[in-house]
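Visitor: So that we are looking at the same thing, I have put the structure below in structure tokens.
The values are calculated or read from the model by the stated rules, or taken from the named source; none is laboratory data. Predicted, not measured: the structure shown is a model, and the values here were computed from it. A quick note on method: Cβ atoms are made from the backbone with ideal geometry, for glycine too, and the neighbour counts reach across all protein chains shown. With ligands, DNA and RNA removed, areas are computed over all heavy atoms of the protein, side chains included. Shrake-Rupley method; radii C 1.70, N 1.55, O 1.52, S 1.80 Å.
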Amino acid sequence: MISPKHIEKLIRAELKTMKSYTPIEPADVLSQRTKVPTEKIIKLDGNENPYGCSTRVKQTLAEYAYYHLYPDPEQRELRKALQEYTGLNLQHIVAGSGSDELIDLVLRLFVERGDEVINCPPTFGMYPFSTDICGGRVVNIPRTADFSINILAIKKALTKRTKVIFIASPNNPSGNVTSQQAIEELLDAVPVVVIDEAYFEFSGTTVAPLVPKHANLIVLRTFSKWAGLAGLRIGYGIFPSHLAKYLMKIKQPYNVNSAAQLAALESLKDLAYLRNTIEAITQERERLFHKLNQISWLKTYPSQANFILCSVVNGKAKAVHEGLKRQGIFVRYFDTPELKDCLRITVGKPEHTDALIAALREIR
Ligand SMILES: *Cc1c(COP(=O)(O)O)cnc(C)c1O
């Protein structure tokens with residue numbers, strides 16, 4: 001009999017030592033843990049859309065008759081609809097099971113063991129996570145005090161082994177965008193530049209129109225945040241067409257399930273509804289920003305996404321996080337070298353803002 005110890009020896013060494021990703025928990029788990037009923041939980045920790053997806057999505061998914069058949073491996077209808085939505089030809093577009101899958105696929109396409117991937121913390125945790133899994137080396141180039149990327153330091157860090165850089169714009173968790181000028185500077189210097197526009201619909205700024213003119217620019221988008229489809233896992237990338245071909249080739253054939261493809265399609269047919277929820281969220285963002293600013297022990301950072309980052313100036317972010325939890329309000333807490341004593345608060349409905357602000361005032 002082979003012992004567990006023997007089997008463990010077979011596991012890739014770099015995977016044994018890598019840090020695991022800290023995901024958020026679903027509402028029912030949070031409810032069990034805090035004894036707050038699920039319907040009373042105020043979930044402001046995942047940048048999810050509190051208004052939910054279009055009702056067209058729910059109706060179409062309920063009526064669909066072909067769940068027993070495999071989905072379209074070429075995602076034809078969806079890519080055609082995305083062509084219209086993005087204004088870019090479908091030969092540039094590949095859909096994934098969340099943009100998380102596309103992050104992984106891009107790295108699989110380029111990264112060989114020991115190749116370097118530039119990461120600009122504080123930022124989205126999936127870039128170092130997927131780099132580790134692909135056997136790449138993460139090179140961290142921290143952002144400056146106002147969370148801008150440090151282009152000079154990035155250029156200095158380039159080596160023969162540098163393959164990819166990831167920039168989230170707007171950045172998660174800081175909420176600021178990277179200017180087109182800065183991105184163009186990166187395009188001239190770094191082999192593959194991935195701009196993650198997960199929050200594009202809230203910021204309105206994009207570099208997607210540059211993709212056909214640059215062989216090394218990739219733009220990632222998702223339906224998780226603006227379209228309320230986080231649970232169905234659907235995202236897409238806009239690639240130079242020569243790269244899109246490789247992604248279609250290396251992805252799992254049925255990577256995006258039928259429900260997710262349909263849901264994205266129906267969302268794109270109900271843009272009026274979705275634009276209303278985006279408008280409600282961006283308006284609420286400004287109200288929440290103003291209210292948070294009135295709390296003397298919080299320092300807020302302006303955001304172009306559907307969340308707001310704030311640091312707790314008395315160094316008690318952890319206690320504030322715990323105090324909110326006890327009242328059934330969940331926000332994301334950060335305590336990393338780049339982000340000490342910070343909370344990231346997703347913009348919810350007006351009543352969520354009111355409950356949060358009341359709870360914060362009480363905690364004090
Ligand atoms: C949420 C988020 C994603 C993940 O999107 P999925 O499509 O749900 O995988 C990607 N990038 C950033 C910056 C995010 O905040």
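Visitor: Wholly within the range 92-151, which strands (runs of 3 or more DSSP E) include no fewer than the required count, namely at least 1 residues that are over 19 Å from Arg332 (Cβ atoms) and either outside the structural domain of Ala227 (by TED's automatic domain parsing) or within 18 Å of the chain's Cα centre (by Cα) (or both)?
Guide: Those strands (runs of 3 or more DSSP E) span 93-96, 116-119.
Visitor: Within the range 44-55, can one find any residue that is over 24 Å from Gln252 (Cβ atoms), touching a strand residue (DSSP E or B) at 6+ places or on another chain (Cβ under 8 Å), small (Gly, Ala, Ser) and within 14 Å of the ligand (Cβ to nearest atom)?
Guide: yes
Visitor: Kindly list the number of the only condition in (1) open to solvent by less than 20 Å² (accessible area, probe 1.4 Å); (2) closer than 22 Å to Leu15 by Cα; (3) small (Gly, Ala, Ser) that fails for Gly96.
Guide: It fails just one condition, (2).
Visitor: Would you check if Lys325 is of a type in the set (D, E, K, R), open to solvent by less than 70 Å² (accessible area, probe 1.4 Å) and part of a helix (DSSP H, G or I)?
Guide: yes
Visitor: A further question follows. Within the range 12-27, take every residue that is part of a loop (DSSP other than H, G, I, E, B) and under 17 Å from Ser130 (Cα atoms) and give me the one that is most open to solvent (accessible area, probe 1.4 Å).
Guide: Lys19
Visitor: Would you be able to say whether some residue in the range 111-118 is touching a Cys at 6+ places or on another chain (Cβ under 8 Å) and surrounded by 21 or more Cβ atoms within 10 Å (Cβ to Cβ)?
Guide: There is at least one residue in the range 111-118 that is touching a Cys at 6+ places or on another chain (Cβ under 8 Å) and surrounded by 21 or more Cβ atoms within 10 Å (Cβ to Cβ).
Visitor: Going through the range 167-190 one residue at a time, which ones are crowded, with 20+ Cβ neighbours inside 10 Å and either within 13 Å of the ligand (Cβ to nearest atom) or farther than 17 Å from Leu220 by Cβ (or both)?
Guide: Result: Ile167, Ala168, Ser169, Pro170, Asn171, Asn172, Pro173, Ser174, Gly175, Asn176, Val177, Thr178.
Visitor: Just to check your reading of the model, which residue among Leu82, Leu44, Leu30, Leu78 is surrounded by 15 or more Cβ atoms within 10 Å (Cβ to Cβ) and at pLDDT below 95?
Guide: Leu30
Visitor: Is it true that Ala244 is touching a His at 6+ places or on another chain (Cβ under 8 Å), at pLDDT 95 or above and either in the same structural domain as Leu109 (by TED's automatic domain parsing) or part of a strand (DSSP E or B) (or both)?
Guide: yes
Visitor: Run down Ile141, Ile93 and say which single residue is modelled with pLDDT of 95 or more and touching a Leu at 6+ places or on another chain (Cβ under 9 Å).
Guide: Just one listed residue meets the conditions, Ile93.
Visitor: Can you name the residue in the range 227-260 that is more than 11 Å from the ligand (Cβ to nearest atom) and among the aromatic types (Phe, Trp, Tyr) and is also farthest from Ala95 (Cα to Cα) among such residues?
Guide: Tyr246
Visitor: Step by step: first the residues of the range 191-207, then only those that are surrounded by 21 or more Cβ atoms within 10 Å (Cβ to Cβ) and in contact (Cβ under 8 Å) with a residue 60 or more places away in the chain, then the one that is farthest from the ligand (Cβ to nearest atom). Which residue is that?
Guide: Taking the candidates together, the pick is Val192.
Visitor: Further, regarding this structure: Any idea which residue in the range 328-359 is surrounded by the fewest Cβ atoms within 10 Å (Cβ to Cβ), counting only those that are assigned to a strand (DSSP E or B) and of a type in the set (S, T, N, Q)?
Guide: Among residues in the range 328-359 that are assigned to a strand (DSSP E or B) and of a type in the set (S, T, N, Q), the one surrounded by the fewest Cβ atoms within 10 Å (Cβ to Cβ) is Thr336.
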